[in-house]
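Trainee: So that we are looking at the same thing, I have put the structure below in C-alpha cells.
Coordinate-derived values only; no laboratory data. Just so we're clear, the structure is a prediction, and the values are computed from it rather than from any experiment. Every residue, glycine as well, gets a Cβ built from its backbone with ideal geometry; the counts of neighbours run over all protein chains shown.
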Amino acid sequence: MLNTKDLPETLALFPLPGALLLPRSKLPLHIFEPRYLTMLEDCLKTGARMIGMIQPRAVPAGEAQRLHSIGCAGRVTSFSETEDGRYMITLTGVSRFRLIGALRHGEQPYRVGQVDWAGFQRDLRLPESDPQMDRPEFLELLRRYFEASSLSTEWSDLKEAEDELLINALSMLCPFSPEERQALLEAPSLTTRRETLVALMEFALCGSGGSLGETMQ
C-alpha cells in the first residue's frame, strides 16, 4: 500500500472545468490539445505515471486563470492512440493533494505544480464505508432526483454497489456545477461526501437545479 513518501513532490497539472476525479475511482479522458498530448507523453515516461486533475476557479472574463488549491492525482492505467494522434486514457484516482507555492512552467508547455499530500492519508487506505447511510432513503432521494432531471441508470447496479463506489460514482457522474463538484472533492470523509451529495440533490429538487436533459449510462 502506498504512503505519502511514495508520492511525487511535483505533478503535471490538467486544469479541466467540471471534471471530478476521486481516490480509487476511474475517469476516462480524451486528450487532443497539443500541450496536453506533450504532458501525457512526458507522464508515460515516468514510473509514477501521475497527472494532477484540478479545477480552475471562476474568474471574470479577461483575468488570468486561477486554480483551486485541492485536486486529485490519478495514475494513467490505460491508454490508446487514435489514427490522428489523439489519446483516450483512463486515470485511476490515487490521492487528493494541496497545491502549494508558485506554479513553475520550466520548458514544458503545460503547468507543473508543487504539491503537498498531508491531510489526505485516508485516500491511500482501503475503500471507505458509510455506516451512517440509510440506503433505502438515499436511493429513494436518488430516484426522485433522476426522475426530475431526466436521468436514467441501472438501478440493480446501484442497489448492489459498495458504499464508496456508489457515492463516488454519483459524485462524478451527476450533472453538478464545477463549484459543486469541488465541494464533493474536498469532503473530508465518505460520509461527508454523501451528506454533500444529498444536499445538492435536495437543492435541485427544490427547483434550483433545472431540467438537465441528460442520460447517465
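Trainee: What is the ratio of the Cα radius of gyration of the chain to 2.2 N^0.38 Å, with N the residue count, to two decimals? Write out the running numbers ahead of the final one.
Mentor: Working: Rg = 17.9 Å, N = 217, 2.2 N^0.38 = 17.0 Å.
Rg over 2.2 N^0.38 Å, computed on Cα atoms: 1.05.
Trainee: For Ile89, Ile167, Ile70, which order do you get if you count the other beta carbons within 10 Å of each Cβ and list the fewest first? Working shown, then result.
Mentor: On the way: Ile89 20, Ile167 26, Ile70 17.
So the residues, fewest neighbours to most, are Ile70, Ile89, Ile167.
Trainee: Would you mind calculating the relative contact order of the chain from Cα pairs under 8 angstrom and at least 6 residues apart, reporting the percent as a whole number? The partial results should precede the final answer.
Mentor: Numbers: 361 pairs, mean separation 49.1, N = 217.
For the chain, the relative contact order is 23 percent.
Trainee: Output the relative contact order of segment 135-208, whole-number percent, from Cα pairs under 8 angstrom with separation of 6+ residues. Display every interim value, and only then the final one.
Mentor: On the way: 31 pairs, mean separation 31.0, N = 74.
Once normalised by length, the contact order is 42 percent.
Trainee: Now, a different point. Cα to Cα, under 16 Å, and not fewer than 8 places away if on the same chain: which aspartates and glutamates meet these conditions relative to Lys5?
Mentor: Output for Lys5: Asp116, Asp123.
Trainee: Next up: Calculate for the chain the 222 nm mean residue ellipticity that helices alone would give, adding -39,500 (n - 2.57) per DSSP H run of length 4 or more and normalising by residue count, nearest 500 deg cm²/dmol.
Mentor: Values: 6 runs with 66 residues, N = 217.
Rounded to the nearest 500, the figure is -9000 deg cm²/dmol.
Trainee: Could you line up Lys5, Lys159, Lys26 from fewest to most neighbouring Cβ atoms inside 10 Å?
Mentor: Details: Lys5 6, Lys159 11, Lys26 16.
The most exposed by this proxy come first: Lys5, Lys159, Lys26.
Trainee: Treating the beta-carbon of each Lys and Arg as +1 and of each Asp and Glu as -1, no other charges, what is the dipole magnitude of segment 4-124 about its Cα centre, to the nearest 20 debye?
Mentor: Working: 15 positive and 12 negative charges, 100 e Å.
For this selection, approximately 480 debye.
Trainee: How do His68, His30 rank when sorted from fewest to most other Cβ atoms within 10 Å of their own Cβ?
Mentor: Details: His68 17, His30 10.
The fewest-first ordering by Cβ neighbours comes to His30, His68.
Trainee: Mean Kyte-Doolittle of at least 1.6 plus a Cα span of 18 Å or more along the axis: flag which DSSP H helices in the chain meet both, please.
Mentor: Details: long enough: 135-149 (21 Å, -0.59); 190-203 (20 Å, 0.29).
Span-like helices in the chain: none at all.
Trainee: Can you check what the net charge comes to around Ile89, using other residues whose Cβ is under 11 Å from the Cβ of Ile89 (Lys, Arg +1; Asp, Glu -1)? Could the numbers behind the result be given before it?
Mentor: Details: positive: Lys26, Arg49, Arg75, Arg86; negative: Glu81.
Here the charged neighbours net out to +3.
Trainee: If you wrap a convex hull around the Cα atoms of segment 4-124, how much volume per residue is inside, in Å³? Working shown, then result.
Mentor: Values: hull volume 14.1 nm³, N = 121.
It is 117 Å³ per residue.
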